Each structure stands twice: as C-alpha cells, then as structure tokens.
1. Under 5 Å between amide hydrogens, which residues at least 5 positions from Asn74 or on another chain qualify, with H placed 1.01 Å from N in the peptide plane?
2. Please state the equivalent ellipsoid semi-axes for the range 152-195: what are the square roots of 5 times the Cα gyration tensor eigenvalues, largest first, in whole Å?
3. For a Förster distance of 22 Å, can you work out the FRET efficiency between the beta-carbons of Lys361 and Asp278, rounded to the nearest 0.05?
4. Ser68 to Lys112: FRET efficiency via 1/(1 + (r/R0)^6), r the Cβ-Cβ distance, R0 41 Å, to the nearest 0.05?
5. Given the whole protein assembly as supplied and a 1.4 Å probe, what does the accessible area of Lys169 come to in Å², nearest 10?
6. Pull out a ≥ b ≥ c, the square roots of the eigenvalues of the alpha-carbon gyration tensor of the range 54-170, then state rounded if a/c is under 1.5, prolate if not and a/b is larger than b/c, and oblate in the remaining case.
7. What does the net charge come to around Gln140 if you take all other residues with beta carbon closer than 12 Å to its beta carbon, with K and R at +1 and D and E at -1?
8. With a/c under 1.5 counting as rounded, go ahead and sort the range 282-368 into rounded, prolate or oblate using the C-alpha gyration tensor (a ≥ b ≥ c being the square roots of the eigenvalues; past the cut-off, prolate if a/b is larger than b/c, else oblate).
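The values are calculated or read from the model by the stated rules, or taken from the named source; none is laboratory data. Remember, it's a predicted structure, so these values are computed and weren't measured experimentally. Here Cβ is always computed from backbone atoms with ideal geometry, including for glycine, and neighbour counts include all displayed protein chains. Surface accessibility is based on the protein's heavy atoms, side chains included, excluding ligands, DNA and RNA. Shrake-Rupley method; radii C 1.70, N 1.55, O 1.52, S 1.80 Å.
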Amino acid sequence: MKRFIGFVKKEFYHIFRDRRSMFILFGMPIAQIMLFGFAITNEINNVNIAILDQSKDVETHKIIQKISNSSYFNIEQEITTESQIESVFKKGKVKAVLVFEADFIKNLQTQKNAKVQVITDATDPNMANTISNYIASILQNHIQEKNRNNKQAYQIQTQTQLFYNPAMKSVFTFVPGVMTVILMLVSAMMTSISITREKELGTMEILLVSPLKPFQVIIGKVFPYIFLSVINAAVILLLGYFVFKMPMEGSLFLLAVESVLFIICALALGILISTLADSQQTAMMISLFGLMLPVILLSGFIFPISSMPLPLQVISNIIPAKWFIIIIKAIMLKGASFVLIWKETLILVAMTLFYIIVSIKKYKIRLE
C-alpha cells in the first residue's frame, strides 16, 4: 500500500511540475468559462446608430436624449438627408438609422399619431431584429410616460426597414462567418505542424545545414498551402452563391485579393505556432483549441463585439478573423469598394508581416 501511495504522490509531482498539464487542467477551463460567460450574449450595448431628424422639435429632442442616455445605443452621428443613409451603412460603423418624419410633433398633437422609421443593417439579421425591438421598446416607454400626464392617448408608430438583407436570411451571416473560420483554422492548423513534423522526423537537421535562408524556408512552407487554401475558399464561395443564393454585390477581384491576404495571414500564424511548438501534438493543440474559441466568439461571427465587455473588445482587435469578416461582408453584401475597407486591409497586412517576421526571427534562433 505504501508503494502505491508513493507512486500516486510521484504522479502528482509530475503533473504539478508540468506547466502545460496544469494549464490544460485549470487554465483552459477558466479561460473558456470566462469567454463563454462574457462573449455569449443576445443583449446589445453601446451600438452605434445615426439620427435623421427631419422635424427638429422639442419632442424628437426628448426622444433622442432618452435613446442617448440608455446604455444600449451610442449616437455616432446625425445626418441631414436620406441619401446619406446608405453611405453611412457602407462605412460599417453604424448599425441603424433612426428617421423622424417631418412635422413629428405637429402630427403627434393633431393626429395623435407620429411615425418613426428604424432602418437597420441586416447583414447580421439577429442583431438587426434586436436593435429594432430595443428602439421600439424605448419609444413605447416614452409615449407611456407622456400619456400619464395627458387625457388623450398619443401613439408613435414604428416602421422597420432592412438594408442588404430584407428577407433576414441567416445564411447571409453564416456563409462569410463559416468561410472565415474554416480558412483560419484549416490554414493555421496545416502549417502549424509543418516545421514540427520536420523536427519529429529528424529532417530538421537537413534544413539546418542546407544553404536555404530562414525566409526561404518559411515561404517554401507556406506557398503550397496558399494554393490549396485558395481552392478551399473558391469552393465555399461557389457553394454559397449557387446553393444558398449568397449575393455578390462587390468586386470579385477585390474579394479574391482580400481572401488571399487573409489566407496568407492565417498560414503565417500557423508557421509562427510551428516555430514555437516542440511537437506536432502541441502545435495541433495550440492551433485548434487556442484559435477555435477566439475565432468563433471574438470575431463578431455569431455575437456582436460591441455588446462584450471592454477587455474582450480590446482582445478582439488582435483576432485576424474579426477584420476579415468585416471585409467580406462589406464586399459581398454592401458592394463596398477598397476605399471603405482600406483600414481593415492594412491591419491584416500588418498582422501578416508581424507573424512572418517573428517566425523568421524564431527560426534564426534555432539556426544559431
């Protein structure tokens, strides 16, 4: 029995001394519950909206102030004409536009009924529906407070209009999202085991003594997977277009260029993981579990980033998938040009260069 107890103690010591085992046992569950607890929400917070007030009276001012004071919405800008609505949506910062009809207070006082139009960006249909319901609730609450002090019952009629996805098809959200997740995980996973495979097979020594420079080895590892991932992306887009009737409003050439850029970024990240990992198993675990949850939860694919706590919003900025989802939705659903997505493109370029440079540096350390 003493031998058995001693053997069990030894196993505990081995586990406690292995940092990776401790991280898997305690670190990952804590990280997962924190991510799921804060990221998974159907509520909205601080959603940017625009206001088109064609009446500019006391009543509309009160309503705008009430909406602004709520924690649900942030008034990003006020526009002056209806022609500005689509350009505001294409920029991607605003998720809804609230339009007050002309003579709002006059119609409310004489006809006891006034109209407010809620125009939403329906590229994310669930969020668009939630925004409409929240605004309608605030308007209803305002009119109830007003009717308490008046014998006559006033009404505010809410009219909803959906941009880019009037049928509210969820597939318009899932095709870009699934394409992003697949390209990110498959590309990173494929390359993450490339260098670690060389180590385990013993062929790394051949590379170390070869005349190839570090950047040549890195590019040589990435290049074949670029071609294969491009085919993968093309298949997903063709299925989305012909099977699910996914619209292609923007330039196909721009979409192709942006897709190749994201693929290279994902492959470069996989190479970085492979230079840091000691074995294929470790590389696979990092690329699968270390990327899957952040890509799904913090990219804006399923849950709105604006509704997450500030720390998670900050972390989401280092997730390449977030920026590609913004790009692909803007091109496919909104018909956006490069002028409207140059910032997101520049961020992906910077991330790609960073991953490649760090990978080369790490590889040089192994050469020394």
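1. Residues meeting the criterion, in which the H sits 1.01 Å from N, are Val47, Asn48, Ile49.
2. Working: eigenvalues 424, 24, 6 Å².
In descending order the semi-axes read 46, 11, 6 Å.
3. Values: r = 18 Å, r/R0 = 0.80.
E(calc), rounded to 0.05, equals 0.80.
4. Values: r = 26 Å, r/R0 = 0.63.
So the FRET efficiency works out to roughly 0.95.
5. In the full protein context, Lys169 sits at about 90 Å².
6. Details: a/c = 1.93, a/b = 1.68, b/c = 1.15.
It is prolate, given that a/c is not under 1.5 and a/b is the larger ratio.
7. Numbers: positive: Lys66, Lys146; negative: Glu145.
Within the 12 Å Cβ shell, the charges total +1.
8. Numbers: a/c = 2.40, a/b = 1.45, b/c = 1.65.
It is oblate, given that a/c is not under 1.5 and a/b is not larger than b/c.
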